[in-house]
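Note sheet for the following structure.
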Amino acid sequence: MKIIPPFYEILDNLDQQSLAVRIEYSGRICYKSEDKIDHDSAVPFVTKMAEHGHNSVLEMGAVTLKVANAGPELLAELFATQPRYLHIDSLDEATLLVSGSVRAFREMQIFHPDCTLVKSMTECLASHHPYFFETILPASGLQNDPSISVTKVSLDDVDNLAQELRFKHRHIAVKFTVNRAVTHEIVRHRPCSFLQESQRYCRYSENKFGGEVTFIKPMFYEEGSREYDMWQKAMEDTEQIYLKLLETSTPQAARTVLPNSCKTELIVYANLQEWKHIFKLRTTKAAEPTMREVMIPLYEELVTRFPELNFN
Ligand SMILES: Cc1cc2nc3c(=O)[nH]c(=O)nc-3n(C[C@H](O)[C@H](O)[C@H](O)COP(=O)(O)OP(=O)(O)OC[C@H]3O[C@@H](n4cnc5c(N)ncnc54)[C@H](O)[C@@H]3O)c2cc1C
């Protein structure tokens, strides 16, 4: 068995990649199949996700659009669809800033195909990323209003927005490598998107996992103390039973003996507004100490880059 400390990684590198690359990277965390990523793997992977309706994976790429010539009537038509998963701001009387995930834009097209602004936004996104939309575009085409102009906003331009706009439109992905108790609490924050290493699919007896189970070092017990020794013994015994069960049963059956201390990976993707809400709840003294162990340094790192996160 392996014991490691908890840590996090802000996935800035993914922000510089195409939507398909970032969605593939995030999706493969579930199966721990990152070794299958190569130069040509992203588009087939995301195409399969879109075809199979593995929609939560498609939440891992957010995009911002600028919509021009979208006057009050068109805006009212868009709001009548009650777009729950888009962030919409007016830049002036006829110009909108709209952010959302690939999933959010796809589902707007699926459920509101006659909405004028939805058609225009879909056309823009489908021209850049056809593989996300191929299966849901109408056979007769989108029949757009040519007076509406939709353009993608670059990440640099999102970063340079006024703070109150950036707060809603800038999305940040963080990968946590923590124990299962911490991830169980993080996933209660519903406005976020999540993807997590799956104990149903990962078979920790395989070589790629070193044939062993990895546990997160508990912050509560000093190494060498009686309590730490008891904890370690419990993990060793559990690992033995888990590996034995795998000889005759599936990972999803064997995992039922795995404890909270088990290491897991979780990608959390949310806008700055939601991250601020999370930090308010998860860094204070009332929060669980193991949660604070990762959330406090993450907050301190992000607040230097995005002062609007500061809640003190
Ligand atoms: C110190 C601490 C102790 C806790 N103890 C417990 C506990 O003992 N048991 C327990 O079960 N949980 C516990 N929790 C978890 C807590 O109940 C929340 O689920 C969690 O903190 C997520 O916070 P939230 O409710 O603000 O987020 P969310 O539930 O994600 O809500 C965020 C926002 O989303 C919107 N929203 C999303 N869904 C809905 C909806 N269906 N209806 C209306 N608005 C919605 C709201 O606008 C809301 O402001 C604890 C949390 C903390 C920080």
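One residue is enough: does segment 80-99 have a residue meeting the conditions among the aromatic types (Phe, Trp, Tyr), under 22 Å from residue 170 (Cα atoms) and not in a loop (DSSP other than H, G, I, E, B)? Step through it out loud before you land on a result.
Initially, segment 80-99 is screened for residues among the aromatic types (Phe, Trp, Tyr), giving 85.
Next, only the ones that are under 22 Å from residue 170 (Cα atoms) stay: 85.
Filter again for not in a loop (DSSP other than H, G, I, E, B), leaving none.
Checking segment 80-99: not a single residue is among the aromatic types (Phe, Trp, Tyr), under 22 Å from residue 170 (Cα atoms) and not in a loop (DSSP other than H, G, I, E, B).
Return yes or no: is residue 40 surrounded by fewer than 12 Cβ atoms within 10 Å (Cβ to Cβ), without any contact (Cβ under 8 Å) to a residue 24 or more places away in the chain, assigned by TED's automatic domain parsing to the domain that holds residue 114 and among the acidic types (Asp, Glu)? Reasoning before the result, please.
Details: surrounded by fewer than 12 Cβ atoms within 10 Å (Cβ to Cβ): yes; without any contact (Cβ under 8 Å) to a residue 24 or more places away in the chain: yes; assigned by TED's automatic domain parsing to the domain that holds residue 114: no; among the acidic types (Asp, Glu): yes.
No, not satisfied.
Please give the number of the condition residue 99 fails out of (1) closer than 27 Å to residue 301 by Cα; (2) modelled with pLDDT under 95; (3) among the hydroxyl-bearing types (Ser, Thr, Tyr).
So residue 99 meets the others, but not (2).
Go through segment 279-312 and count every residue that is modelled with pLDDT of 95 or more, hydrophobic (A, V, I, L, M, F, W, C), away from the ligand (no atom under 12 Å from the Cβ) and not in a helix (DSSP H, G or I). Explain how you work it out, then say what you get.
Filtering segment 279-312 down to residues modelled with pLDDT of 95 or more leaves 279-310.
So of that shortlist, the ones also hydrophobic (A, V, I, L, M, F, W, C) come out as 279, 281, 286-287, 291, 294-296, 298, 302-303, 306, 309.
With the extra rule that they be away from the ligand (no atom under 12 Å from the Cβ), the set shrinks to 294, 296, 298, 302-303, 306, 309.
Those left that are additionally not in a helix (DSSP H, G or I): 306.
Looking only at that region, the number is 1.
For residue 215, state whether it is surrounded by 18 or more Cβ atoms within 10 Å (Cβ to Cβ) and farther than 30 Å from residue 307 by Cα.
Details: surrounded by 18 or more Cβ atoms within 10 Å (Cβ to Cβ): yes; farther than 30 Å from residue 307 by Cα: yes.
For residue 215, the condition - surrounded by 18 or more Cβ atoms within 10 Å (Cβ to Cβ) and farther than 30 Å from residue 307 by Cα - is met.
Return yes when residue 182 is in a helix (DSSP H, G or I) and outside the structural domain of residue 119 (by TED's automatic domain parsing) and no when it is not. Please lay out each step first, then the result.
Working: in a helix (DSSP H, G or I): yes; outside the structural domain of residue 119 (by TED's automatic domain parsing): yes.
Answer is yes for this residue.
Among 244, 233, 263, 276, which is the only one that is closer than 25 Å to residue 13 by Cα, outside any loop (DSSP other than H, G, I, E, B) and more than 16 Å from the ligand (Cβ to nearest atom)?
Numbers: 244 fails: closer than 25 Å to residue 13 by Cα; 233 fails: closer than 25 Å to residue 13 by Cα; 276 fails: more than 16 Å from the ligand (Cβ to nearest atom).
One residue alone meets the criteria, 263.
Assess whether residue 221 counts as being without any contact (Cβ under 8 Å) to a residue 60 or more places away in the chain, surrounded by fewer than 17 Cβ atoms within 10 Å (Cβ to Cβ) and among the aromatic types (Phe, Trp, Tyr).
Details: without any contact (Cβ under 8 Å) to a residue 60 or more places away in the chain: yes; surrounded by fewer than 17 Cβ atoms within 10 Å (Cβ to Cβ): yes; among the aromatic types (Phe, Trp, Tyr): yes.
Criteria met by residue 221.
Being surrounded by fewer than 20 Cβ atoms within 10 Å (Cβ to Cβ) and touching a strand residue (DSSP E or B) at 6+ places or on another chain (Cβ under 8 Å) is the filter here; which residues of segment 17-31 pass it?
30
Taking the residues in segment 247-260 that are more than 16 Å from the ligand (Cβ to nearest atom) and in a loop (DSSP other than H, G, I, E, B) as candidates, determine which candidate is surrounded by the most Cβ atoms within 10 Å (Cβ to Cβ). Talk me through it step by step, then tell me what you get.
Within segment 247-260, the subset more than 16 Å from the ligand (Cβ to nearest atom) is 247-259.
If we keep only those that are in a loop (DSSP other than H, G, I, E, B) as well, we get 247-250, 258-259.
Working: 247: 8, 248: 8, 249: 12, 250: 12, 258: 20, 259: 16.
Among residues in segment 247-260 that are more than 16 Å from the ligand (Cβ to nearest atom) and in a loop (DSSP other than H, G, I, E, B), the one surrounded by the most Cβ atoms within 10 Å (Cβ to Cβ) is 258.
Could you say whether any residue in segment 13-31 is over 27 Å from residue 65 (Cβ atoms), touching a residue at least 60 places away in the same chain (Cβ under 8 Å), of a type outside the set (D, E, K, R) and in the same structural domain as residue 219 (by TED's automatic domain parsing)?
No, because not a single residue in segment 13-31 is over 27 Å from residue 65 (Cβ atoms), touching a residue at least 60 places away in the same chain (Cβ under 8 Å), of a type outside the set (D, E, K, R) and in the same structural domain as residue 219 (by TED's automatic domain parsing).
Residue by residue through segment 57-79, note down the ones that are without any contact (Cβ under 8 Å) to a residue 24 or more places away in the chain and in a loop (DSSP other than H, G, I, E, B).
Within segment 57-79, the subset without any contact (Cβ under 8 Å) to a residue 24 or more places away in the chain is 71-73, 76, 79.
Selection gives 71 alone.
State the number of residues belonging to segment 185-195 that are surrounded by 17 or more Cβ atoms within 10 Å (Cβ to Cβ) and either within 10 Å of the ligand (Cβ to nearest atom) or part of a loop (DSSP other than H, G, I, E, B) (or both). Outline the logic, then answer.
Step one: of segment 185-195, the residues surrounded by 17 or more Cβ atoms within 10 Å (Cβ to Cβ) are 186, 192-195.
Now narrow it down to the ones that are either within 10 Å of the ligand (Cβ to nearest atom) or part of a loop (DSSP other than H, G, I, E, B) (or both): 186, 192.
Of the residues in that region, 2 qualify.
Listed here are the residues, each with its yes/no results for (1) among the β-branched types (Val, Ile, Thr); (2) free of Cβ contacts under 8 Å to residues at least 24 places away in the same chain; (3) more than 16 Å from the ligand (Cβ to nearest atom).
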position	(1), (2), (3)
126	no, yes, yes
132	no, no, yes
158	yes, no, yes
163	no, no, yes
166	no, no, yes
170	no, no, yes
173	no, no, yes
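Tell me whether segment 138-146 contains one or more residues that are under 30 Å from residue 218 (Cα atoms) and either of a type in the set (Lys, Arg) or more than 16 Å from the ligand (Cβ to nearest atom) (or both).
No, because not a single residue in segment 138-146 is under 30 Å from residue 218 (Cα atoms) and either of a type in the set (Lys, Arg) or more than 16 Å from the ligand (Cβ to nearest atom) (or both).
Where residues in segment 55-71 are farther than 18 Å from residue 137 by Cα and surrounded by fewer than 19 Cβ atoms within 10 Å (Cβ to Cβ), which of them is nearest to the chain's Cα centre (by Cα)?
So the first thing to find is which residues in segment 55-71 are farther than 18 Å from residue 137 by Cα, and the list is 56-57, 59-71.
Next, from what is left, pick out any that are surrounded by fewer than 19 Cβ atoms within 10 Å (Cβ to Cβ): 56, 66, 68-69, 71.
Numbers: 56: 8, 66: 23, 68: 29, 69: 32, 71: 33 Å.
Among them, the one singled out is 56.
The values are calculated or read from the model by the stated rules, or taken from the named source; none is laboratory data. Values in this document were obtained by computation on a predicted structure and should not be read as measured data. Cβ: placed from backbone, ideal geometry, glycine included. Neighbour counts: every protein chain shown.
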